[in-house]
1. Within segment 63-89, take every residue that is of a type in the set (D, E) and in a helix (DSSP H, G or I) and give me the one that is nearest to the chain's Cα centre (by Cα).
2. State which residue pairs qualify: first residue under 28 Å from D83 (Cα atoms) and inside segment 53-69, second residue hydroxyl-bearing (S, T, Y) in any location, beta carbons under 9 Å apart, and separation of 6 or more residues or different chains.
3. So, in segment 152-168, how many residues would count as being in a loop (DSSP other than H, G, I, E, B) and either hydrophobic (A, V, I, L, M, F, W, C) or at pLDDT 85 or above (or both)?
4. Suppose we keep only residues that are more than 30 Å from I103 (Cβ to Cβ) and in contact with a strand residue (DSSP E or B) (Cβ under 8 Å, 6 or more places away or on another chain) within segment 32-91. Which one would you say is surrounded by the most Cβ atoms within 10 Å (Cβ to Cβ)?
5. If you scan segment 97-115, which residues turn out to be within 14 Å of L86 (Cβ to Cβ) and surrounded by 10 or more Cβ atoms within 10 Å (Cβ to Cβ)?
6. Report the residue count in segment 70-103 for those that are among the polar types (S, T, N, Q) and touching a residue at least 12 places away in the same chain (Cβ under 8 Å).
7. Within segment 180-189, identify whether any single residue is surrounded by 15 or more Cβ atoms within 10 Å (Cβ to Cβ) and modelled with pLDDT under 75, and answer yes or no.
8. Does segment 90-122 hold any residues that are under 26 Å from the mean Cα position of the chain (by Cα) and either at pLDDT 90 or above or over 30 Å from V156 (Cβ atoms) (or both), and which are they?
Amino acid sequence: MAKRNAKRAETEKPQKPEYKRTPVKQGVNSEVGYRNPPKKYQFKPGQSGNPAGRKPLAITLAQHVRDIGSEVIDAATNWTRLDAVLRRLYNDAMDGKAPAADILLERGWGKVIQPIDVTVWQNDYASAIRQGVLTLPSLESQFGRDGALRILSDIVAGGYMTATEIQERLNVQMLADGLFGSQVETDIDK
C-alpha cells in the first residue's frame, strides 16, 4: 500500500490549461462576453425574464383532499369517504372519546364563545383614583397624554366615576366633546 502511494506522489497530474475570456467590443462603451450578452438580447427596463410566470398547479392540496373525500366507497349506501369519517367520529364520540366530540362540536357548531368582561379595568382604575394611588402623571407615563385622557373619559362613560369627581381628584377639565384636557394655567389665562 505504501508503494502505491509513493508512486502516486511521484507522478504529477497534468495541469488543465487556463482559458481567459476576452470580451468582444460591441459598440462604443459596451462589451460582449461572459454574463454580458449583446444589447439586443438584454432585458429591457421593466421587462420580466419570465413574462408568463410559473405555471399554476393543476390542483391544490385542499381540492385534492376534497376529491378523495367525495369518492363513493359503498355503492349500496352511496357513502363517500367523508361520510365514513364523520360516522366514525360520531361513533367515537358516543363511546366517550372526548377529542372526537370536540372535533364534531367545533367543526359542526363552532367554538364556544366565552364572554370577556372588558370593563373590569375601568372599575379598578376608578377605585385606584379614589384611593389616591393612581394619578394623572402615572397614567400619562404609561399610556401617553392622549391615552390617559381617553381612559378617564372611558371611566366616566362606563359610570364608574363622575366627571366632577375626576376633575377634583386629578385636576383635569372635561371638554365639550366628552374628553378631558389638562388644566394648565398660563400667563394669558391669568
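1. To start, the set of residues in segment 63-89 that are of a type in the set (D, E) comprises 67, 71, 74, 83.
Checking which are in a helix (DSSP H, G or I) leaves us with 67, 83.
Values: D67: 30, D83: 35 Å.
Only one residue fits best here, namely D67.
2. From residues that are under 28 Å from D83 (Cα atoms), the pairs are G69/T80.
3. The first filter runs over segment 152-168 and keeps only residues in a loop (DSSP other than H, G, I, E, B), leaving 158-162.
Next, only the ones that are either hydrophobic (A, V, I, L, M, F, W, C) or at pLDDT 85 or above (or both) stay: 159-162.
So the answer is 4.
4. Within segment 32-91, the first condition is being more than 30 Å from I103 (Cβ to Cβ), and the residues that meet it are 32-56, 58.
Checking which are in contact with a strand residue (DSSP E or B) (Cβ under 8 Å, 6 or more places away or on another chain) leaves us with 32-33, 38.
Details: V32: 14, G33: 12, P38: 11.
The selected residue is V32.
5. A100, A101, I103, L104, L105, E106, R107
6. Taking segment 70-103 as the starting set, the residues that turn out to be among the polar types (S, T, N, Q) are 70, 77-78, 80, 91.
Now narrow it down to the ones that are touching a residue at least 12 places away in the same chain (Cβ under 8 Å): 70.
Adding up the residues that qualify gives 1.
7. Taking segment 180-189 and keeping what is surrounded by 15 or more Cβ atoms within 10 Å (Cβ to Cβ), we get 180.
Right, trim to modelled with pLDDT under 75 and you get 180.
Yes; the residues of segment 180-189 include at least one that is surrounded by 15 or more Cβ atoms within 10 Å (Cβ to Cβ) and modelled with pLDDT under 75.
8. I103, E106, R107, G110, K111, V112
The values are calculated or read from the model by the stated rules, or taken from the named source; none is laboratory data. The shown structure was predicted, so the numbers you read here are calculated from the model rather than taken from an experiment. FYI the Cβ positions are ideal-geometry reconstructions off the backbone, even for glycines, and counts take in every protein chain you see.
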